[in-house]
Each structure stands twice: as C-alpha cells, then as structure tokens.
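Each remark here refers to the structure printed beneath this line.
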C-alpha cells in the first residue's frame with residue numbers, strides 16, 4: 001500500500017514538474033566517464049534526461065519534507081549540476097556546493113539489479129544535501145545529523161536498499177549518522193509530524209541539541225532512550 005501510494009504521488013509530482021517548472025531551478029547532467037563500463041551503463045539504463053527528471057521530482061519531494069513552500073524559505077540554488085566521474089575512489093557519491101558527483105564504479109556495481117531504484121536512493125540523499133540548511137554546522141554532531149536527515153529523505157521516498165541499512169531500533173547512539181540517525185529521526189517525526197522539517201529550519205545558522213528540547217520537550221539522548229525502549233519492547237524505560 002505504501003509503495004503504491006508513493007508511486008501515485010511520484011506520478012503527480014512528475015506531471016506538475018512537466019507542466020510547471022520548479023521556480024526556474026535548472027538541472028544539468030554531464031557524463032565524464034562515458035567510455036568506462038559504469039559510464040556506458042549510465043547512458044544505456046539511466047541517461048541525462050531521466051536523471052534530470054528525477055532530480056526535479058526529488059527537489060519537490062524534499063521541499064515538502066522541509067516545509068519549504070516559498071522561495072524565501074529555500075536556499076538560493078538556481079542550478080544543480082550532476083557529474084558521472086571515473087576517479088576510482090571509494091565513495092559512491094558526494095555533494096559539493098551545488099554539484100553532485102557520482103562514481104561510475106557504483107553504477108556498474110548496481111547494473112545487475114533494480115538499477116533505477118538503487119540509483120534514485122543515492123540521488124535523493126545527495127539532493128537532500130543540496131537543499132538542507134547546514135551553514136555553520138561544522139561540528140561532528142551536526143555533520144552526522146545532516147547525513148541522517150538526508151537518509152531520512154531517502155527513507156520517506158521509499159528508496160531504502162534491501163541490505164546495508166539499519167533496521168528500526170538499531171544503533172548505539174542517535175548521532176551515528178546515515179541510516180541509524182534516519183531511523184531515529186523517523187521515530188521523532190512520529191512524535192511530532194513535521195519535526196524533521198522544523199529541525200532543518202533551525203539549522204540554518206548552526207546547530208544545538210536544544211532544538212530537540214524546543215520541538216519535542218526532550219533532549220536527543222532522552223528521545224533515544226525512548227526510541228530504543230520502544231523497539232526493545234520495554235515500555236517501562238520510556239521517559240515521560
């Protein structure tokens with residue numbers, strides 16, 4: 001049911017994007033690895049037009065999660081650029097400024113399965129980094145939280161991979177980053193609908209653990225205790 005609902009929402013967003021360009025945001029795609037196996041697979045199974053369309057749909061999806069309904073609420077990003085590269089690095093993808101860099105080896109590694117679903121999951125994560133507020137958030141806590149928010153976007157878009165992701169309740173600390181933090185944020189968002197969007201707004205000029213207290217009435221450590229207790233089935237440990 002959740003997947004079918006997301007599919008219908010995605011179709012609606014695609015229609016809206018096609019009918020009404022999203023506030024003049026432009027998307028460019030360049031394949032610098034067009035002669036490598038991964039670069040050729042990108043051209044054959046994904047391509048520039050599909051990637052640009054997915055970036056546009058992801059933008060609209062992310063703006064809704066972040067409650068960025070007007071231009072004043074969003075970062076000023078007139079153009080998002082996407083590059084496929086052959087650097088033989090260990091990374092899958094990364095965002096720098098208003099650019100997303102994708103490693104061709106990863107594209108080659110996912111070519112045997114549902115390549116679009118796995119590609120889209122990483123792309124939604126990186127697009128979240130494009131739009132989320134993170135200025136002044138240079139501490140490790142904030143860095144891991146921004147990674148968790150990006151994976152939360154991936155989670156809500158129903159692009160969680162079958163392997164390599166934390167299950168609900170997994171992890172040793174709320175701020176481990178990526179999927180562990182994403183699952184925790186999903187719990188917090190259940191406590192207060194729209195929490196992640198409100199948290200992102202507060203991170204425009206920096207980060208403080210007090211943001212959790214202001215929005216949910218508890219510290220992140222207290223919320224983590226409740227989160228772990230819920231999934232361990234021990235409600236007696238839940239803090240009120």
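Cβ contacts < 9 Å: first residue without any contact (Cβ under 8 Å) to a residue 12 or more places away in the chain, restricted to segment 72-94; second residue in a strand (DSSP E or B), any location; separation 6+ or different chain. Result? Within 9 Å, the pairs are 90/103. The helices (runs of 4 or more DSSP H) found wholly in segment 123-229 and carrying at least 2 residues that are outside the structural domain of residue 93 (by TED's automatic domain parsing) and free of Cβ contacts under 8 Å to residues at least 12 places away in the same chain occupy 210-216. Output yes when any residue across segment 210-223 is within 20 Å of the chain's Cα centre (by Cα) and farther than 18 Å from residue 152 by Cβ, and no when none is. No, the conditions are met nowhere in segment 210-223. Could you tell me whether segment 93-108 includes any residue that is at pLDDT below 95 and under 24 Å from residue 184 (Cα atoms)? Scanning segment 93-108, I find no residue that is at pLDDT below 95 and under 24 Å from residue 184 (Cα atoms), so the answer is no. Between 76, 97, 105, 88, the distinction of being under 18 Å from the mean Cα position of the chain (by Cα), more than 13 Å from residue 55 (Cβ to Cβ) and in the same structural domain as residue 24 (by TED's automatic domain parsing) belongs to 97 only.
Against the list (1) touching a strand residue (DSSP E or B) at 6+ places or on another chain (Cβ under 6 Å); (2) closer than 18 Å to residue 211 by Cβ, the condition residue 141 fails is (1).
The values are calculated or read from the model by the stated rules, or taken from the named source; none is laboratory data. Just so you know, these numbers come straight off a predicted model, no measurement behind them. Cβ atoms come from the backbone with ideal geometry, glycine included; neighbour counts cover every protein chain shown.
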